[in-house]
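Since every read-out is calculated from the coordinates, none of them should be taken as a lab result. Just so we're clear, the structure is a prediction, and the values are computed from it rather than from any experiment. All Cβ positions, glycine included, derive from the backbone under ideal geometry; neighbour counts span all protein chains shown.
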């Protein structure tokens, strides 16, 4: 009987110990004991972005004893290099905040953890999720997104007796009517780099072509359409030297009746041109509406503090935390249920949310920078008139095929 009592007491103690380990705010032993240190790398220079991340981290640390999240700033120019070098030197953080078109490249290198069965992205927009996906597996979590839409000067369109165009044919005709008295009908940033590619891809996708079909009939049609706007005199050739910020300044100055730009310009527009009567519409379509996805993703480093990283990202992805961070940064939440109510009192920003459903990620492909260079070069050559749309498209296609195949 004494022996049986001893066994009973041992079992009771074990049960008590196990029960004690499974109690806590979420019922998991890890949350009670903590996950140790979690390091995040980011490249934002904008003080508002940094403050938003610091605020989120502070809230997490205050409510998750035993876990300490810290953030490290790495300059954008060095970010990719340090990420690549860190992989070979085993000095990577646990989480990185990365530009969406670069995501696939590092996933291919095996740097990022496969979190397909560890994080639910069913409520997220398809485009942002695609930027984190490689071969059907999830290697990251999108959080903040943006896209391009068509800005237009309401008074200029009204004076010309036209309405915002919805198709390519309408855009061409409206642009012609708006081009007069040193005012161009439309412009978009056409610099020969990723920024130019970013602005050109919606026109490619609108034809139904993919990111890798610039030399096809559809890709050539997109090149020819933008080149035609320049030939018509409706779009300034100088746009090859204009960043998106330059295009905004030209629009504010009254030199453009329409422009293609993103939601990050809205605060500047409201501050610097409070009396300007402007609005936003979907980018006019060929076969389908399209826009380009911008923004950033979280990625968990493979072999790092995966449990701690996921704990923080689950916290960061909660609706209230996402809303607070995105509002502070001027981003659209990548979660559709949050984004759809994020700008209920802001009709302009809500139109970017509407446009986001048509946004696609660049690539995704591990060698996207080389593909992008070929695309922006073709785009530039057609605008300057140094090459026909067909010749520029076929030359770009040869480069793309060599990379993809």
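Nearest 5 percent is fine: what portion of the DSSP beta bridges confined to the chain is antiparallel?
The antiparallel fraction comes to roughly 60 percent.
Measure nothing fancy, just the Cα-based angle from helix 76-89's long axis to the longest principal axis of the chain, in degrees from 0 to 90, nearest 10.
It works out to around 40 degrees.
Once you compute Rg and the Kirkwood Rh from C-alpha atoms, what is the Rg to Rh ratio for the range 60-154?
Radius of gyration relative to Kirkwood radius: 1.03.
Find the percent of Cα-Cα distances in the range 77-229 that exceed 26 Å, and round it to a whole number.
On the way: 5389 of 11628 pairs.
Value for the range 77-229 (Cα pairs over 26 Å): 46 percent.
With a bin width of 5 angstrom, please list the P(r) values of the range 205-321 as percents of all Cα-Cα pairs, from the 0 bin to the one holding the largest distance.
2, 8, 13, 14, 15, 13, 10, 10, 9, 5, 2, 0
Order 341-350, 313-322 from most to least packed using the mean count of other Cβ atoms within 10 Å.
Descending packing order for the listed peptides: 313-322, 341-350.
Hey, how many Å between the Cα centroid of the range 369-383 and the Cα centroid of the range 129-191?
19
By how many degrees, 0 to 90 and rounded to 10, does the Cα axis of helix 368-384 deviate from the longest principal axis of the chain?
20
Which whole-number value in Å³ per residue fits the convex hull of the alpha carbons of the range 255-349? Could the numbers behind the result be given before it?
Numbers: hull volume 14.9 nm³, N = 95.
Value for the range 255-349: 157 Å³ per residue.
Among 372, 388, 190, rank each residue by its count of other Cβ atoms within 10 Å, from fewest to most, as a rough exposure measure.
The order, fewest Cβ neighbours first, is 388, 372, 190.
From largest to smallest, what semi-axes in whole angstrom does the chain give when each is the square root of 5 times an eigenvalue of its alpha carbon gyration tensor?
Details: eigenvalues 449, 112, 59 Å².
For the chain, the ellipsoid semi-axes come out as 47, 24, 17 Å.
Calculate the spin-label point distance for residue 210 paired with residue 170, positioning each point 7 Å from the Cα along the beta-carbon direction, and give it in nanometres.
Placing both labels 7 Å along Cα→Cβ, they lie 3.1 nm apart.
Helix 306-316: angle to the longest alpha-carbon principal axis of the chain, degrees 0 to 90, nearest 10?
It is inclined by approximately 60 degrees.
Using only alpha carbon positions, build the gyration tensor of the range 229-284, then give the equivalent ellipsoid semi-axes as the square roots of 5 times its eigenvalues, largest first, whole angstrom.
Equivalent-ellipsoid dimensions as semi-axes: 20, 12, 11 Å.
Quick one: plug the Kirkwood hydrodynamic radius of the range 309-357 (C-alpha pairs) into Stokes-Einstein at 10 °C, 1.306 mPa s, and report D in µm²/s.
Answer, rounded: 142 µm²/s.
With N denoting the number of residues in the range 170-246, provide Rg(C-alpha) divided by 2.2 N^0.38 Å, to two decimal places. Intermediate results must be reported in sequence, preceding the final value.
Details: Rg = 12.7 Å, N = 77, 2.2 N^0.38 = 11.5 Å.
Taking N as the residue count of the range 170-246, the ratio is 1.11.
Stokes-Einstein diffusion coefficient for the range 304-405 at 25 °C in a medium of 0.890 mPa s, Rh from the Kirkwood formula over Cα pairs: what value in µm²/s?
143
Rounded to the nearest Å, what's the spacing between the alpha carbon centres of the range 284-345 and the range 223-272? Just the number, please.
After rounding, the separation between the Cα centres reads 27 Å.
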